[in-house]
1. Out of the residues in the range 159-180 meeting the condition of being farther than 21 Å from GLY262 by Cα and not charged (D, E, K, R), tell me which one is surrounded by the most Cβ atoms within 10 Å (Cβ to Cβ).
2. Is it the case, given these coordinates, that LEU326 is surrounded by 14 or more Cβ atoms within 10 Å (Cβ to Cβ), closer than 18 Å to THR379 by Cα and touching a helix residue (DSSP H, G or I) at 6+ places or on another chain (Cβ under 6 Å)?
3. PHE351 is checked against (1) part of a loop (DSSP other than H, G, I, E, B); (2) of a type in the set (A, V, I, L, M, F, W, C); (3) under 29 Å from the mean Cα position of the chain (by Cα) and fails just one. What number does that condition carry?
4. Return only the number of the condition from (1) surrounded by 14 or more Cβ atoms within 10 Å (Cβ to Cβ); (2) in contact (Cβ under 8 Å) with a residue 24 or more places away in the chain that GLY598 does not satisfy.
5. Tell me yes or no: at least one residue of the range 483-497 is under 30 Å from ILE431 (Cβ atoms), touching an Asp or Glu at 6+ places or on another chain (Cβ under 9 Å) and surrounded by 13 or more Cβ atoms within 10 Å (Cβ to Cβ).
6. Taking LYS652 as the residue in question, decide whether it is farther than 26 Å from VAL366 by Cα, part of a helix (DSSP H, G or I), out of contact with any Gly (no Cβ under 8 Å at 6 or more places or on another chain) and at pLDDT 85 or above.
7. In the range 116-130, is there at least one residue being touching a Pro at 6+ places or on another chain (Cβ under 8 Å) and among the hydroxyl-bearing types (Ser, Thr, Tyr)?
8. Within the range 329-344, can you find the residues that are surrounded by fewer than 20 Cβ atoms within 10 Å (Cβ to Cβ) and in contact with a strand residue (DSSP E or B) (Cβ under 9 Å, 6 or more places away or on another chain)?
Amino acid sequence: MQSEFVHLHNHSDYSLLDGAQTISTLAETMSDLKMDAVALTEHGNLFSAIEFYKAAKKTGIKPIIGCEIYVAQGSRLDKTPKRDGGWGNNHLILLVQNYTGYLNLIKLVTTGYLEGFYYRPRIDKELLREYSDGLICLSGCLKGEVQEFAVRGNLESAKKAALEFGEIFPGRFYLELQSHGIDEEDIARKVISNLAKELDLPLVATNDCHYARKEHWEAHDILFCLGTGKDRDDPNRQRYATPEFYFKNQDEMWKLFKDYPGALENTRKIADSCDLNIPLGKTLLPSFPIPDSEPSNDPDAYLEKLCRMGINKRYSTLTPELEQRLQYELDVIKKMGFGGYFLIVMDFVRFAKKNGIPVGPGRGSVAGSLVAYCLDITTIDPLCHDLLFERFLNPERISMPDIDIDFCYERRQEVIEYIRQRYGENSVTQIITFGKLKAKQVVRDVGRVLGMNYSEVDRIAKMIPGGPGVTLEHSIQINKDLGKVAKQDQPHKELMDFSKVLEGMNRHASTHAAGVVIAPGELTDYIPLYKSSQGDVMSQYDMKSLESLGLLKMDFLGLRNLTVIDQTLSLLKEKGQKITLSKIPLDDKKTYKTFAKGNTVGIFQFESSGMREYLKKLKPTCIEDLIAMNALYRPGPMENIDEFIKRKHGRKKIRYDHPDLEPILKETYGIIVYQEQELCARLLGLQLRSRVSDCRAICFTIRHCAPMRYLACWTASSGNAHY
């Protein structure tokens, strides 16, 4: 059933430190209010667009993507200080009608950051005229140009502005009415409703929602203080005038706007006229430049040729098993359309190695690919170490491959610059990421805004355990003292209540440490761009959103240990010792003694105090021990470390539920550590009994971490860890 009213002016926590609701909360609120459509109009950005689009669709709600843009009072390129001390912009709501409008809005918000930024990402009316197709325009809040003139009593200027927007958006411009109990809004509504009659322009009612429920207004006020850097008790701080900026139901909106003909009905009309379909799940790969000397431009044919050459270099004898595995992988890659992807990765890895930039042996599930090994993307033999290709590419689950490459920390940027030159400056950029108000952080931030004693807030924050995924609710359940904090007095109650509301919301935007996106053409034909205060240009969409769009995203990881290894090898070379990393033996007894003593400071993923203590107990004697230890040392699986150590040293008997499990579980002493082991057991039709299932330490990023253990072994063997 269609709702008669639709909220068209709303903000989530992607309107950073101003919107106090997550995308999931917004979607759930619409469902609770039985509203079948909703718009999301962040301040000057499209950060949330794809996440919102997917969440709304999943909930059965029609998503209307939009933006509350900032329009310069003059040219967007004019960044001179204003006489009145203002920022020289007005607000305007743009809503996407169709895919053309979506692409136009991408162009507008990108230009706002890249060209027009002055306090805020601004565009101007020149740009609006150029990119108005497919967009619906609402006149905005009290900061809108029409409203601002109306409140000042400058009726002619208000009329002129309304006519101009009506000309830019013919048949798609609406005069916006709001009612939050603010005196200036009363003036604006009267003037604007008269203008609507005089100019024959339609009205539309909105509520400028910044939080889901009315009772969240104080939590939003705290968040707003965080954004403005003020304490709540500061009498001179900026604040929202009333607690009315929440998602009102249809009855509440009807009571407010029943005297304005068409204002409510037009929200439905606008929603019905919006029909955006964003293609998700496609594969949008850039074209790899195949050499002119090749007889075909077919990436799959060229990939196979290179693999055939590579496999002959890697192996002295081409066995039927190797041939079958290679052909199988090539067939899957061709079927999934990822031949060009492998060529792109091979190309920049080859560039790095050719130019003496240290490259890691391979990270993640790509180590299970023989194709990657033949192309020299990885240096680990997947057959030798029983690594599964299906962990990397599963023909039954179509998704973009994920190859993370480690480069020398000091020279990683050279590889990114090569990619830019190869595929074009306007087709390559780094990726945005968003810092969250996590459990400890939100308590500290809220406590600061409330003006609470620092040492007291610090004491409370330290009650919250560290680690990924920790929430306040969970922390209260496991720490009784933390549960008592809210009962101390009103300030402590507010601290915990507000922290719970704001926990998990976005706090700031920054550049992803490793992520780079490569588009098959101009980036702004696919995604909006953002420019940080430091001048770094990046995508406005995060990793997950880019993946949903099917764009090629890569992790160019800068690893200091590779730099250390490279410098160590250079120093050894100066002393007449030349070491080839790929030829370092994996059975060096001195190296394992180093690990057994816990002398692993400076060794990648083995240098924490907890890991060093476990290594002393384990006393590893083979590379498989190190792989397993690294896999087990993480939340959840680490409870099995003591069992693993006892079985290795014979202090506990190794048992197998079935004789056929022995060859699968032998190297991990009868404990299921890797997902591959479970998969193999199930393929054999073995039903694992609960006691085995209970002690297994499956971690979905484990076995494919194996290549990084070789990096650790290199570090130790090259002399860096010998004491």
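1. It comes out as ALA161.
2. On the way: surrounded by 14 or more Cβ atoms within 10 Å (Cβ to Cβ): yes; closer than 18 Å to THR379 by Cα: yes; touching a helix residue (DSSP H, G or I) at 6+ places or on another chain (Cβ under 6 Å): yes.
Here the answer is yes, as LEU326 does meet what is asked.
3. Every listed condition holds for PHE351 apart from (1).
4. In the conditions (1) surrounded by 14 or more Cβ atoms within 10 Å (Cβ to Cβ); (2) in contact (Cβ under 8 Å) with a residue 24 or more places away in the chain, GLY598 misses (2) alone.
5. Looking only at the range 483-497, we keep the residues that are under 30 Å from ILE431 (Cβ atoms), and these are none.
No, every residue in the range 483-497 fails to be under 30 Å from ILE431 (Cβ atoms), touching an Asp or Glu at 6+ places or on another chain (Cβ under 9 Å) and surrounded by 13 or more Cβ atoms within 10 Å (Cβ to Cβ).
6. On the way: farther than 26 Å from VAL366 by Cα: yes; part of a helix (DSSP H, G or I): no; out of contact with any Gly (no Cβ under 8 Å at 6 or more places or on another chain): yes; at pLDDT 85 or above: yes.
Judged against the criteria, LYS652 is not a match.
7. Residues of the range 116-130 that are touching a Pro at 6+ places or on another chain (Cβ under 8 Å), as a first pass: none.
For the range 116-130, residues touching a Pro at 6+ places or on another chain (Cβ under 8 Å) and among the hydroxyl-bearing types (Ser, Thr, Tyr): absent.
8. none
The values are calculated or read from the model by the stated rules, or taken from the named source; none is laboratory data. Remember, predicted model here, so these are calculated numbers, not experimental data. Neighbour counts are summed over all protein chains in view; Cβ atoms, including those assigned to glycine, are modelled from backbone coordinates with ideal geometry.
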